[in-house]
Amino acid sequence: MKLNIDGLLVYFPYEYIYPEQYSYMLELKRTLDAKGHGVLEMPSGTGKTICLLSLIVAYQKAYPLEVTKLVYCSRTVPEIEKVVEELRKLMDYYAKQTEAKNDFLALALSSRKNLCIHPEVSALRFGKEVDGKCHSLTASYIRAQHRSNPSQPVCQFYEEFDAVGRQVPIPPGIYNLNDLKDFGRRKGWCPYFLARYAILHANIVVYSYHYLLDPKIADLVSKELAKKSVVVFDEAHNIDNVCIDSMSVNITRRTLDRCQTNVETLQNTISRIKETDAAKLQEEYRRLVEGLKEANVARETDMYLSNPVLPDDILQEAVPGSIRTAEHFVGFMKRFLEYLKARLRIHHVVQESTPQFLKDIYEKVCIDRKPLRFCAERLRSLLRTLEIADITDFSAITLISHFATLVSTYSKGFTIIIEPFEDRTPTIANPVLHFSCMDPSIAIKPVFGRFQSVIITSGTLSPLDIYPRILDFRPVTVASFTMTLARTCLCPLIVGRGNDQVAMTSKFETREDFAVIRNYGNLLLEMSAIVPDGIVAFFTSYIYMENIVASWYEQGILENIQRNKLIFIETQDAAETSMALEKYQEACENGRGAILLSVARGKVSEGIDFVHHYGRAVIMFGVPYVYTQSRILKARLEYLRDQFQIRENDFLTFDAMRHAAQCVGRAIRGKTDYGLMIFADKRYARADKRGKLPRWIQEHLTDGSLNLTIDETVQLGKQFLRQMAQPFRQEDQLGLSLLTLEQLQSEDMLQKIAQIAQQA
Amino acid sequence: MASLSEEVLLVVKRVRQRKQDGTLYLMAERLAWGPEGKDRFTVSHLYADIRCQKISPDGKAKIQLQLVLHTGESTTFHFANESTALKDRDVAKELLQQLLPKFKKKANKELEEKNRMLQEDPVLFQLYKDLVVSQVISAEEFWANRLSLNSVEHSLSNNNKQEVGISAAFLADIRPQTDGCNGLRYNLTTDIIESIFRTYPTVKQKYAENVPHNMTEKEFWTRFFQSHYFHRDRINTGLQDIFSECAKEDEKGLKSMVTQGVKNPMVDLLSLEDKTLDEGYGTATVPTTSNSSNKSLRENSNSAIIKRFNHHSAMVLAAGLRKRHQILTSLFVAFQVKLQEAIEYDDLQGDSGRKTISLNLKKSDRYSHGPIPLQSQHYSTSQDIINSISIIQHEMRSYKPRLTQVMSSSAASSAITALSPGGVLMQGGGQQTINQLVPTDVQSELKHLYTAAGELLRHFWSCFPISTPFLEEKVVKMKSNLEKFQVMKLRPFQEKIQRQYLSTNVSSVPFFAFPVIFFFSVDNFIS
């Protein structure tokens, strides 16, 4: 249908629309008009993606000079593919309605592993291997060698692309990863470099967060994206963690050992080259003196990992003299390495700030701040000069150099923690140096600064005000949308007690309590008897799940559950879990029914949807607080309190509740879907917890369902499921939660819609 | 007769059969015996024909081996070599013991199939009795075109009987009970054993290997329950335990399942992340390098339990699905389909989007009308029924009782009396049907005769057109069969009926005579 969103003609590729979708688009339009940033929360399964795409594409078409590009960031590869498919649907609709030829170029970008078509390289299993192998075939010196010595293997696809691919623009259209590969195969061009080149002039780019947030990659890939772009972070409830992860480094003894061998290799290579080709090192030295660090044009293929710090923080001056010659630099690295080794030989935990660390290193081994800052840059230059083919071997020294650069660049927002052993195993020495970023705003700051509009959206962003605070930006719109429902298809219940009236909670003091574990087991057992098809249960941590499963096994609860459903359990091994997950779906599919025991914050809870019969009930055992004893977390909490005035408890609760909401939200997709959401912990009933759930869940939590026993839960659940199992037709929804164009245009509907969005 | 190409597995000299000395040969597919000094076998049995072998008890003077065939016949061999008789016999026995099971399956499948058909179909069984047991036609002839006919039908309905799934909790159902004196009792049923075998093929294999040669069945299961395989949460498996191999095998199976990866890329957690952080980056704690060594025993056993549950569920699921056809779609297509499913909002779409699976019915009438008694040949279509209902409804709506024109009560009551049994209108013959007149046994006999005659005629007519000498031969044979049937079955029946009923009810005679008349027409046709 064609919609009029605040004066903008929007093509929406469906015959009907949800009221909240309309409302969402209105808010989005306002954000774009204001050229500002927005935080929008709308329940999963209400078609956020298509709203975003429809409106922004319409905006691009209407004001091609105002918004030139849409950069859509999502989390996982399947999600990226989904976005491209929805976009394809929209574009098909455009083509049908306007009968004009599509002149939009939209494409997905992914890592080499997903895009490579080189027969040997693409056969490798791990992303790192693929990257390394690709580099060894496409680096500029390899190609130079190839010219003089044709037996030197190069990648034919890259050669072909380099020769002609840049002159001929890729024809307009929608390209998902497979389309790109097909196109590449047809033309004989490398799809990866083609895509990387094409994103510069594409109208829509879909890729993963890392390409914008991780400075090491963003600098390579997204540096030249136009300022007049709209950036969307979908499923952004975890964006702060992505930011933090991209700037944190862990160093173990193993890293140092491997770094040691790296240094030795470098030394040998240098002395070898000195004998044969001293001019090369001379040339590098000269270049560094002149500060022409990228003089010979950073060929795209040479860049393996870029500088770990943000572009603004990179020093635009010549490399200091102390590390200019190759030998000096290697000596410098050796010294740094020895220092780190010494730091790891400790018996008690050390925590210090970056200035403290720098002071210490200056006092102990006389290493200045400035050469440290150039470490990453200098190493990159050296590796290129030495023509190292397999860069993956040098990951350890690269990591150390990145650490050096980071630690010397940022004096705030980071902390260094050195732990001699793991908390769980105090007898085994396993020293780790955590260089941990505590401020997610550091990594995302350039994104907010550079792009005209940044939209942060997800199904679970409550409480809305916290994201602008921790990411340190000023949004123009902050809104939460509820789900209009013709029937209440979600049923959140808080179970606080067992039938024996013993409180159910995963609180640390009582979590190992026999009665608590038994009650949790009984809850699952009872639910397995009344819920059809699939049940997903989430535990607060992996270790807790292991313990509970073991005691359930001993008590015979699992065996009783098996009478009703098959049991699958997430393990720490991703491949094993994938298999369990597939079998779980198979069991739901063929009617046997199954239970998946999983972990909040685990891979399953983050990336897998349990739509329709794959998840008729979600049980959240306990409140998924992060492991609070971790020193990194403590440091971060302290930082949040000092810098952003966010109280520890507020943040912890916020973090736990967003994960809980994320877990239970996995089961609902759309208004035809339905599912029970069982929060099995009495603490959920408290206002401070409950209030932090997304509005669309909170709305359906009645006072009567706050502190139920297992029996009561079963009763309510049964009733709910029976009701939901009745046929649900489109007519039932029409006019309430589903609108035709005429209904949408009616006056009182527009009034109603205005109430859907709740401004924070 | 002895074809030279056959592989001879064992030769035993000085074996007597029917008091005649000779040599026993065990070949690849059959067992044969030839008398001394002659180069042909007088006894030759395919292994497939042998039901079982029996041996004389130890200590008996005569050392014998008896073979019982499926037909019920038996052949006895007497090992007469004084010094090595016992050894000879045991060698032969051992070899047969290995050979027979291999062929048994082949032979049994057919036999079982026939048996099953007879059991499931009482009419066929009766027919079999009438025709084969009374030796009107031979068993082979009877089955000749029946099996092929049925096998087609069966492959369609997929073995007729639905495979029963396995309860996931079958191991839970064998809770041990204390037997009062320091021991445990496990109650096993055949169902549970079946479940164990289907879920854990390795155990089945062990069973086949060890029972009954190495241990009794009871011993086997005792060991099974004692084994760590059953109590999997303990990790160290003893080396002597026969099930430790099973555990290893299972482990391997699980590993191979894991390495095979998943078909659905939407659930593949390995390729979920586009760009994982390189090693050493990120805040997540680094997984400890020395993985299992610093884990406590308890943790290890916990993860063993988890592994076990995953494996168990996967196996149970697989056992239930074993027969299902694998749909072979390429990964790519499957992924496309999943993607489309994932982005589809069926309520936002018009109503066109709903995809349905059409019901595949063999007899759609039976589906729409439900089971109906077999006799009524004519039934109305659903359209008729709907029509008539609407007509009736229509009439009911327009119905107005005309109270002035009703019958007087005395007239009504006299009409009812007249219509009641014994009333004026209910007298007189013609109302009694044959099935009230004739006793049921005669009726059923007639029915059997009728079906038997039908079967014979089917065989007979199937020979036309006579295009081969074989068919010609068959026609002649079938004609004689028909005649035989007439003489042996129909005539006596006819006479019996005539004796009993001719006097009472004349009208039924033509009916009884029907097959006979029909037969004569056939006779005429042939001659």
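The values are calculated or read from the model by the stated rules, or taken from the named source; none is laboratory data. This one's a predicted model, so the numbers in the text were calculated from it and none came from an experiment. Cβ atoms come from the backbone with ideal geometry, glycine included; neighbour counts cover every protein chain shown.
Given the options A:GLU290, A:GLU300, A:GLU294, A:GLU284, name the one that is modelled with pLDDT of 80 or more, within 29 Å of A:SER222 (Cβ to Cβ) and among the charged types (D, E, K, R).
A:GLU284
Please work out if A:PHE161 is more than 14 Å from chain B (Cβ to nearest Cβ), surrounded by 23 or more Cβ atoms within 10 Å (Cβ to Cβ) and assigned to a helix (DSSP H, G or I).
Judged against the criteria, A:PHE161 is not a match.
How many of the residues making up the stretch B:59-93 are out of contact with any Leu (no Cβ under 8 Å at 6 or more places or on another chain) and either assigned to a loop (DSSP other than H, G, I, E, B) or of a type in the set (Ser, Thr, Tyr) (or both)?
So the answer is 12.
Can you name the residue in the stretch A:47-105 that is in a loop (DSSP other than H, G, I, E, B) and under 21 Å from the mean Cα position of the chain (by Cα) and is also farthest from the other protein chains (Cβ to nearest Cβ) among such residues?
Here the answer is A:ARG75.
Considering only the stretch B:35-74, how many residues are under 27 Å from B:GLU140 (Cα atoms) and either touching a residue at least 40 places away in the same chain (Cβ under 8 Å) or surrounded by 13 or more Cβ atoms within 10 Å (Cβ to Cβ) (or both)?
Within the stretch B:35-74, residues that are under 27 Å from B:GLU140 (Cα atoms) and either touching a residue at least 40 places away in the same chain (Cβ under 8 Å) or surrounded by 13 or more Cβ atoms within 10 Å (Cβ to Cβ) (or both) number 19.
Assess whether A:LYS29 counts as being more than 14 Å from chain B (Cβ to nearest Cβ), within 22 Å of A:LYS228 (Cα to Cα) and out of contact with any Ser or Thr (no Cβ under 8 Å at 6 or more places or on another chain).
Answer is yes for this residue.
Please give the helices (runs of 4 or more DSSP H) falling wholly within the stretch A:666-742 in which 1 or more residues are of a type in the set (Val, Ile, Thr).
Hits in the stretch A:666-742: A:695-698, A:710-724.
From the list A:SER462, A:SER458, pick out the single residue that is out of contact with any helix residue (DSSP H, G or I) (no Cβ under 6 Å at 6 or more places or on another chain), small (Gly, Ala, Ser), surrounded by 20 or more Cβ atoms within 10 Å (Cβ to Cβ) and away from chain B (no Cβ under 14 Å).
Answer to the selection: A:SER462.
In the stretch A:164-187, what count of residues is obtained for those that are in contact (Cβ under 8 Å) with a residue 24 or more places away in the chain, among the basic types (Lys, Arg) and assigned to a helix (DSSP H, G or I)?
Summing the residues that are in contact (Cβ under 8 Å) with a residue 24 or more places away in the chain, among the basic types (Lys, Arg) and assigned to a helix (DSSP H, G or I) in the stretch A:164-187 gives 3.
So which of A:TYR674, A:TYR684 ends up being in contact with a strand residue (DSSP E or B) (Cβ under 9 Å, 6 or more places away or on another chain), within 14 Å of chain B (Cβ to nearest Cβ) and at pLDDT 90 or above?
Criteria check complete, one pass: A:TYR674.
So, in the stretch A:216-246, how many residues would count as being within 11 Å of chain B (Cβ to nearest Cβ) and in a loop (DSSP other than H, G, I, E, B)?
Summing the residues that are within 11 Å of chain B (Cβ to nearest Cβ) and in a loop (DSSP other than H, G, I, E, B) in the stretch A:216-246 gives 0.
Counting only residues that are at pLDDT 70 or above and of a type in the set (Ser, Thr, Tyr), which one in the stretch B:160-190 is surrounded by the fewest Cβ atoms within 10 Å (Cβ to Cβ)?
The residue in question is B:THR190.
Grab the strands (runs of 3 or more DSSP E) fully contained in the stretch A:512-623, keeping just those with 1 or more residues being in contact (Cβ under 8 Å) with a residue 40 or more places away in the chain and within 10 Å of chain B (Cβ to nearest Cβ).
Strands (runs of 3 or more DSSP E) meeting the threshold: A:594-599.
Restricting to the stretch A:600-623, name every residue that is out of contact with any strand residue (DSSP E or B) (no Cβ under 7 Å at 6 or more places or on another chain) and closer than 30 Å to B:LYS338 by Cβ.
Those that are out of contact with any strand residue (DSSP E or B) (no Cβ under 7 Å at 6 or more places or on another chain) and closer than 30 Å to B:LYS338 by Cβ: A:ARG601, A:GLY602, A:LYS603, A:GLU606, A:ILE608, A:ASP609, A:VAL611, A:HIS612.
Between B:ASP39, B:ASP88, which is over 15 Å from B:LEU9 (Cβ atoms) and either in contact with a Gly (Cβ under 8 Å, 6 or more places away or on another chain) or acidic (Asp, Glu) (or both)?
Exactly one residue qualifies, and that residue is B:ASP39.
Restricted to the stretch A:342-372, and to residues that are in contact with a Pro (Cβ under 9 Å, 6 or more places away or on another chain) and in a helix (DSSP H, G or I), which residue is surrounded by the fewest Cβ atoms within 10 Å (Cβ to Cβ)?
A:LYS370
Please specify each residue of the stretch A:149-201 satisfying the condition of being closer than 14 Å to A:SER110 by Cβ and out of contact with any helix residue (DSSP H, G or I) (no Cβ under 8 Å at 6 or more places or on another chain).
A:ASP179, A:ALA198
Rundown of residues vs (1) of a type outside the set (Gly, Ala, Ser); (2) crowded, with 23+ Cβ neighbours inside 10 Å; (3) at positive phi; (4) within 14 Å of the chain's Cα centre (by Cα), yes/no style:
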residue	(1), (2), (3), (4)
A:LEU180	yes, yes, no, no
A:PHE183	yes, no, no, no
A:TYR192	yes, yes, no, no
A:LYS227	yes, no, no, no
A:VAL232	yes, yes, no, yes
A:VAL242	yes, yes, no, yes
A:VAL249	yes, yes, no, no
A:LEU256	yes, no, no, no
A:GLN260	yes, no, no, no
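Looking at (1) away from chain B (no Cβ under 12 Å); (2) modelled with pLDDT of 90 or more, which is the only condition A:ILE417 fails?
(1)
Can you name the condition, by its number, that A:ARG631 falls short on among (1) touching a residue at least 40 places away in the same chain (Cβ under 8 Å); (2) crowded, with 24+ Cβ neighbours inside 10 Å; (3) basic (Lys, Arg)?
All conditions pass for A:ARG631, except number (2).
What number of residues within the stretch A:247-275 satisfy the criterion of being more than 30 Å from A:ILE470 (Cα to Cα), of a type outside the set (Lys, Arg) and within 14 Å of another protein chain (Cβ to nearest Cβ)?
5
Taking A:ILE632 and the conditions (1) more than 22 Å from A:SER248 (Cβ to Cβ); (2) at the interface with chain B (Cβ under 9 Å from one of its Cβ atoms); (3) aliphatic (A, V, I, L, M), which numbered condition does it fall short on, given that it satisfies the others?
(1)
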